[in-house]
Every structure is written in structure tokens, then in C-alpha cells.
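Sharing a structure, written as C-alpha cells. Questions coming.
The values are calculated or read from the model by the stated rules, or taken from the named source; none is laboratory data. If you're wondering where the values come from, they're calculated on a predicted model, not measured in any experiment. Cβ placement follows ideal geometry from the backbone for every residue including glycine, while neighbour counts extend to all protein chains displayed. Side chains are part of the model used for accessible areas, which takes the heavy atoms of the whole protein and leaves out ligands, DNA and RNA. Shrake-Rupley method; radii C 1.70, N 1.55, O 1.52, S 1.80 Å.
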Amino acid sequence: MEEMKPCAANSPPLTPLGFLERAATVYGDCTSIVYGTNTVYTWRETNLRCLRVGSALSSIGIGKSDVVSVLSPNTPAMYELQFAVPMTGAILNNINTRLDARTVSVLLRHCGSKLLFVDVFSSDLAVEAISMMKTSSPPILVIIADKEEEGGDDVADKRFRYSYDDLIQRGDPGFNWIRPESEWDPIVLNYTSGTTSAPKGVVHCHRGIFVMSLDSLTDWSVPKNPVYLWTLPIFHANGWSYPWGIAAVGGTNVCLRKFDAPLIYRLIRHHGVTHLCGAPVVLNMLSATQESKPLDRPVNILTAGAPPPAAVLLRAESIGFQISHGYGLTETAGLNVSCAWKPEWNRLPASDRARLKARQGVRTVGFTEIDVVDPESGLGVERNGESVGEIVMRGSSIMLGYLKDRTGTEKALKNGWFYTGDVGVIHTDGYLEIKDRSKDIIITGGENVSSVEVEAVLYTNPVVNEVAVVARPDEFWGETPCAFVSLKDGLSRKVTEEELIEYCRKKMPRYMVPKTVSFRDELPKTSTGKVMKFVLREIAKKMGTTRLSRM
């Protein structure tokens, strides 16, 4: 048996790009994309459009290992670019549209982006970001029109070298797209948050995305020809790898520029939506609106980002949403932990079902191993639902590493594991539950907020003596930043909560801005002088949920 080895016939590089080619053959006349009132494409048309864009990019010099960035909401072009950019051999970099110009400029400079696709309504943001880069070779700018939105077809902007439609017209539909030489070749680069100090650019390979795409379909039991509504931003970890996954099963992508609950209900009923994803805030918004009447047929929702509150779960399920809960990170390319449901749990009271469903769960079938380990010894903790440790994992969809950050990569990928930085327990039945997050990450509406960054901004205010930021429950966003502040002595005027919130608004993206500022004479500290954030978290919880919070 020793002579039997891999060869060209049995080990071609795995890549998710082949899903589109197959979809054009198998599902060619089926609807691939619908958007607005007039935009409809078939899988054959989507394939040809992606080939044209890939061809045009190649003709202007975009190729292997170049980084191509995209700043766009969930429009048809955004979906197509998940295929078109990697078809050139380039690396796709989706950028969060909610970031400010300063942060966007930092990310573009960090990744060395060669070209930036920009949605028409983000054009000023992109141009401002480019102006801040102070480089002699900024990214080529390509503007994306939106004929479904008023003013969205106004793309005669001299600041942009091309329009998206220009590239489609000049591209060759017979383009022979560039297959990866190795399945370990990079395909996407995603930033974990809007950090400006030390960007964490997560690099994934073709193999990892291929496995995650199919694994996600299997775990969620997605059938052929689903109707998928894009409520989850594609810029979030490439939409948890579902752009490629939906192509694999010939589904219909219902694109959506922004979240609007009444519109979502209309789209669900009009298009017969079967699946959608989103953070718990999506569940809350859908179940709290006046539009939340019982659905004609069940709709599957996959949620992650923070444990969904039991009350929200019960409310959403009463409408007809069938909810699945999972866990993943940007570094895993999607959800690699799933709260796999057991039939016997259906006989439990509703409150118990909600409690079980709020747990993160077990590894998905395509993943290798997950554990919770003692940070000192590295050994697995006892599986009793009480022993706390750091969540570690290994599997095919784990990132290659952090771009230009060897130290960060070595810290995260060590001893054969990926160390998540999240803290949790494993119950006696083997199900994982997150208990806390190291580095005090706050998840608000699905966005990651570093408390350290918010604190750093507040510390620049001359009236602030000490500050600590923790999560406060929010009935709309799940949780929001809550800042505990002690002021400097001898101030000649009274400092208000609104004043500090406005100060933050001018210096950071809106989703990072504290929604609560609580003034204290002194922050609680340990004997060594370290702020006791666990005490502040309890205080924030006792404050109750913030209400009518918007960003």
C-alpha cells in the first residue's frame, strides 16, 4: 500500500469557487439573486457576470496575492465579488461599512490594498479614507451603482477610475479563472474589528473556506434551492461563508441593503424565504416589531454572536421562526460550534428549551476538536458545567494566521490548538457554554467592540481621571458599552454623561460609543491596583437593560 500516494488526479486543490461553475450548469435557469423590484439574475447570468468582472480585473493588472477590498452593503455586486475577486488569484478583503474614514484608511494601508470597490452611497467615506493614507500608490477606486435606490445610479464621479458596470462590459465571459496552485493559497482577508492601533487581519485559505461552506450547509440542514435572505452583513466574516454555500445548493439570494423589519417581513412573504442569519439583535427586532404576525410557513434563523435571551427566543419561535444557535469567530470563517438539538429536548418546558438553546453546543461535523483548557496547565478542565477555562479548537477552517503579525499568530496558534481568548465551560453532556470573554470584548448588534479601545479614547479627554468599560445588557442590541468614569479633582464645572458620549461620537464609529456613562468617585480595585471589572459588570447588569437604544 505504500506506493499509493496523492497525485494530480486525486488531489486537486479544494476551492469554493467551483461551486459557482457547477451552479451555472445544474441550476442555470434558477434564480440566483433578487434585489429591489427589478433586479433578478439566474445562476447562469451570475456566473457570467463574475467571469466578466474577474477578466476585467485581470486586464488592469490585478492578480495573484494582490489584495482587493470591498466597501459595500449586501447588494448583488457585493455577492458577486465574493467569487469574482478570488477568480483572479487575488485576495478578497471585505470592509465593515460602519467604520469611520480614519479606520478604513488604516485597514487599507495595513493590507496594501491594490483596488477598492465602493458602493455609491459610501463614496465620500472611501475618498476621505484614501486621502488619509498619504501614499503615492493608493488603491484604484471602482464605484458600484445601485439602480434600485434613489440617487444610486449617479456614478459620474471623477474621483473613481472605473464603475462596476464598466468592468462587466469590458470583461470576457469566457475568462479562464485562476485556480489556486495550492489549496493553502489565501482567498480572503477579514479584520476582526474596527481597531486602529493594531489591526488583526485574519487570512483564510481556499481549503478552509471550502470546508466551512459545506460544513455550514450540513450542520444547518440546508436543502437544495433554499431562499436565503441576506440580513447578515457579508462583510462579517464573509457572511459566515454562506455566499459560497448558497451557490453550492443553487439557492436564491435575496439581497438587502439595510435591516428594516417591515421590509424583511414583506420579503419573507413575497419570496418565500426559508433561511436567514443574524445576531440575537436580529431576533429581537423581528419579534418586537408590530409586523411580527405569525408566519405563513416556518423560517429558519441561524444566530450567533452572543447567547440569545430566553424571552427573545420564545417570542421569535411563537411567530414561526425556527432558531438554531452556534458559535464561531472570524478566525474560524464561520460557525464551527452548533447547539445540536436533541429530540428529547422537545418534551421540556419552554423555559428549559430556551436555556439549552442558549448554549453554544458541540463541534460541527466537519470540524476536528474543541476543548476548554486550564490556562496554566493547558489541560482540559472537568466537564461539569462549572470549571472555567479558555476555549481552544482545531480544524480545517482555522485561519492561516494574522497578516503581518507573527507574534499574534504564534500566540493564537500554539501547541496544536487555536486559542480563542474566550472563556467557557463544558457541561456533563459535552456541550460548550461561553461564560465570559477575555480582553473584555463587547458584542453589540453583532459588532465586536474592544473595551480597551473605548477606554483609550475616553482617557484622551482632559476631565477623565480613570475609566473602565464593560458590557451593559440592551434589549435592542444585546449589550452596549457602559463606561464607568472617575473625574479629575478641581474641575470648575459639572461634566455630564451627554458630554462624554458626544466626545466619543467624534472619535470612533457609532457602534463603539458608550450608551451609558456612570460617574464614580473611585473605581473598585484589587490590592495590586487593578480595576475589578467583574464588579463593574455586576453593577452594569443591575442597572437593567438600556431601552430605546439606537446607533
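Scan the range 98-147 for residues that are over 18 Å from S65 (Cβ atoms), in a helix (DSSP H, G or I) and of a type in the set (A, V, I, L, M, F, W, C) and report the count.
12
Based on what the data block shows, is Y191 within 28 Å of Y511 (Cα to Cα) and touching a Phe, Trp or Tyr at 6+ places or on another chain (Cβ under 8 Å)?
Details: within 28 Å of Y511 (Cα to Cα): yes; touching a Phe, Trp or Tyr at 6+ places or on another chain (Cβ under 8 Å): no.
Against the criterion (within 28 Å of Y511 (Cα to Cα) and touching a Phe, Trp or Tyr at 6+ places or on another chain (Cβ under 8 Å)), Y191 does not qualify.
Among the residues of the range 231-277, which ones are closer than 16 Å to T37 by Cα and aromatic (F, W, Y)?
Correct list: Y265 only.
Please verify whether L523 is in the same structural domain as F534 (by the TED database), surrounded by fewer than 20 Cβ atoms within 10 Å (Cβ to Cβ) and farther than 26 Å from N448 by Cβ, treating the condition exactly as stated.
Working: in the same structural domain as F534 (by the TED database): yes; surrounded by fewer than 20 Cβ atoms within 10 Å (Cβ to Cβ): yes; farther than 26 Å from N448 by Cβ: no.
Criteria not met by L523.
Let me ask something else about it. Regarding the range 491-503, can at least one residue be identified that is closer than 24 Å to N96 by Cα and touching a residue at least 12 places away in the same chain (Cβ under 8 Å)?
yes
Please tell me if L413 is in contact (Cβ under 8 Å) with a residue 12 or more places away in the chain and open to solvent by less than 20 Å² (accessible area, probe 1.4 Å).
No.
Let me ask you something else. Test of understanding: among N448, N465, which residue is open to solvent by 30 Å² or more (accessible area, probe 1.4 Å), under 30 Å from N238 (Cβ atoms), touching a strand residue (DSSP E or B) at 6+ places or on another chain (Cβ under 6 Å) and of a type outside the set (V, I, T)? Please lay out each step first, then the result.
Working: N465 fails: under 30 Å from N238 (Cβ atoms).
The match here is N448.
Which ones in the range 459-507 are over 24 Å from K541 (Cβ atoms), assigned to a helix (DSSP H, G or I) and not hydroxyl-bearing (S, T, Y)?
E499, E502, R505
Something else now. Restricting attention to the range 413-458, which residues are assigned to a helix (DSSP H, G or I), over 19 Å from the mean Cα position of the chain (by Cα) and either basic (K, R) or at pLDDT 85 or above (or both)?
Of everything in the range 413-458, those that are assigned to a helix (DSSP H, G or I), over 19 Å from the mean Cα position of the chain (by Cα) and either basic (K, R) or at pLDDT 85 or above (or both) turn out to be V454, E455, V457, L458.
Could you please find all residues in the range 45-82 being among the hydrophobic types (A, V, I, L, M, F, W, C) and out of contact with any strand residue (DSSP E or B) (no Cβ under 9 Å at 6 or more places or on another chain)? I'd like the intermediate steps shown before the answer.
So in the range 45-82, the residues among the hydrophobic types (A, V, I, L, M, F, W, C) come out as 48, 50-51, 53, 56-57, 60, 62, 67-68, 70-71, 77-78, 81.
Scanning the range 45-82 gives L48, C50, L51, V53.
Related question: Run D521 past the list (1) assigned to a helix (DSSP H, G or I); (2) farther than 17 Å from P462 by Cβ; (3) modelled with pLDDT of 90 or more and report the number of the one that doesn't hold.
It is condition (1) that D521 fails.
Output the number of residues of the range 70-97 satisfying the condition of being over 27 Å from V40 (Cα atoms) and in a loop (DSSP other than H, G, I, E, B).
The number of residues fulfilling the criteria is 2.
Which residues, taken from the range 133-164, are touching a residue at least 12 places away in the same chain (Cβ under 8 Å), surrounded by fewer than 17 Cβ atoms within 10 Å (Cβ to Cβ) and closer than 18 Å to R109 by Cβ?
Those that are touching a residue at least 12 places away in the same chain (Cβ under 8 Å), surrounded by fewer than 17 Cβ atoms within 10 Å (Cβ to Cβ) and closer than 18 Å to R109 by Cβ: M133, T135.
Taking the condition open to solvent by less than 50 Å² (accessible area, probe 1.4 Å), β-branched (V, I, T) and modelled with pLDDT of 90 or more, does T480 pass?
Criteria met by T480.
While we're here: Within the range 37-50, is even one residue out of contact with any Gly (no Cβ under 8 Å at 6 or more places or on another chain) and among the aromatic types (F, W, Y)?
yes
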